[in-house]
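The values are calculated or read from the model by the stated rules, or taken from the named source; none is laboratory data. Because the structure is predicted, anything quoted here is derived from the model rather than measured. With ideal geometry, Cβ positions are generated from the backbone for all residues, glycine too; neighbour counts draw on all protein chains shown. These area figures cover heavy atoms from the full protein model, side chains too; ligands, DNA and RNA do not enter into them. Shrake-Rupley method; radii C 1.70, N 1.55, O 1.52, S 1.80 Å.
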Amino acid sequence: MKTIFFISNSIRKGRKGNSNSLIATVTVTVSIAIMVVAVAVSDGFKREIREKATGFSGEIIINSLGFDINTSGFPVNRYNSIFDSVRQIPGVRFIQPYSYKPGIIKNNSNIQGIILKGVDSLYDWSFFKSNLVNGEIPVSKGNIPSNGILISARLSALLNYTTGDTLLVYFIDKTVRARRFIISGIYDAQLEEIDKTMVIGDMRGVQNLNGWDSSMVTGIEVKIYDYKNTDKTSEEIEKFISGGDDETIALTVTKVTDLYPNLFDWLRLLDFNVLVVLILMMTVAGFNMFSGLLIIIFERISMIGTLKAVGMNNADIHKIFLVISSSLVLKGILVGNVIALVVCFVQQTFKVISLNPVNYFVKYVPVEIDFAKILMIDLASFILIMIFLYLPLFFISRINPADAVKSK
């Protein structure tokens, strides 16, 4: 083995600055950098959009089997004992009730349908506080329902409203009722379709509009600690429901991925695109290293013939060139990682590359660095490239020592 490393080191030193070796290394560097950045951007998009979607509704929603956003005919009893059991499920952070009422806002010639979401005084406002761009969160005080509401920046621009303005909302059931609200604050979550319609207000006002008492709500939002456990937690909740009484089994469980399928379908498409990039980049890097190794072998045919003449077998000769190539691959992987991490850090810190939130749901390219995934990319790339580099063994085995030495 010492002989193999000695010969490979001698060849590598003699090839310093060689253009073919440099091209092969640069190819690996660029491929690794592109793959790491692509995965970091994909993870960033998934994190941002997932946090936005769950900020509006939680990871899991429990409501009535007959629930329809346009009707108030199927409320849920917020004091059902099943919800005490849900609170005790490991991984559940908390649960919170909400109520919906569809309405219409008219301002001059502009008409916009909305969903008035009513929440109580214990509602977790952290998501909306982090996305608040103007005004303040509406506060419920006393026994009288507050008329303060929170609207989106898109709705504000669409209807030309701002904080402090009074708006008239029409609610259509058997009769048309109008209610006046004051805009307490404006949020901007950059989720176009949800932002345009979601208005947040006092639950008691929504319950009054629906003709409900204080125990009746549209549903219960379930917030969990780890999004990855959404499926598992959802299954546990469904088990509780299926084993309950008549009131309990009339409930249904909806995951956030099913509530906003267009968002998560877009993320799945993004994952597919990233997978294509990974396959292409690994393949390009592998073929370039393969061609680079072939060039090195062709340049050393006489040396290969001499080594065979003195008794070295094909496998050991191939190991010499594998050691040379692996050093180039590892160098390319290392430099590629450094470049990718610098690019990700700069984007994460300074948000250099901006986006149109109407199309991409965020104002800038988000990145999330996962070192475990980077290590997996590095390892997979190295293994795949080394598999490619076993192909030249075929050419080494066909070199005739006598002919090679003569050509020298």
Check: Just one of Phe395, Phe321 is aromatic (Phe, Trp, Tyr), open to solvent by less than 20 Å² (accessible area, probe 1.4 Å) and in contact (Cβ under 8 Å) with a residue 12 or more places away in the chain; which is it?
Finding: Phe321
Note to self: Could you list, ordered by first residue, the pairs with Cβ atoms under 8 Å in which the first is in segment 30-46 and open to solvent by less than 10 Å² (accessible area, probe 1.4 Å) and the second is outside any helix (DSSP H, G or I), at least 6 apart or interchain?
What the structure shows: Ala40/Val367; Ala40/Glu368; Ala40/Ile369; Ala40/Asp370; Gly44/Val365; Gly44/Pro366; Gly44/Val367; Gly44/Glu368
Checklist line | Counted residues, segment 105-127 - those being open to solvent by 60 Å² or more (accessible area, probe 1.4 Å) and at pLDDT below 95 | finding: 7
Next item on the list: Within segment 327-351, count every residue that is touching a Phe, Trp or Tyr at 6+ places or on another chain (Cβ under 8 Å) and of a type in the set (S, T, N, Q).
Entry: 1
Checklist line | In segment 180-211, the residues that are over 32 Å from the mean Cα position of the chain (by Cα) and surrounded by fewer than 19 Cβ atoms within 10 Å (Cβ to Cβ) | finding: Arg180, Ile182, Asn208, Gly211
Next item on the list: Give the residue that is surrounded by the most Cβ atoms within 10 Å (Cβ to Cβ), with candidates limited to residues of segment 153-172 that are free of Cβ contacts under 8 Å to residues at least 40 places away in the same chain and small (Gly, Ala, Ser).
Entry: Ser156
Notebook entry, point to check: Among the residues of segment 62-81, how many are open to solvent by less than 30 Å² (accessible area, probe 1.4 Å) and not in a loop (DSSP other than H, G, I, E, B)?
Noted result: 4
Check: Within segment 288-327, can you find the residues that are more than 16 Å from Asn9 (Cβ to Cβ), at pLDDT below 80 and not in a helix (DSSP H, G or I)?
Finding: Val310, Gly311
Item checked: The lone exception for Asp84 - which of (1) touching a residue at least 12 places away in the same chain (Cβ under 8 Å); (2) assigned to a helix (DSSP H, G or I); (3) over 18 Å from Leu259 (Cβ atoms) it fails -> (1)
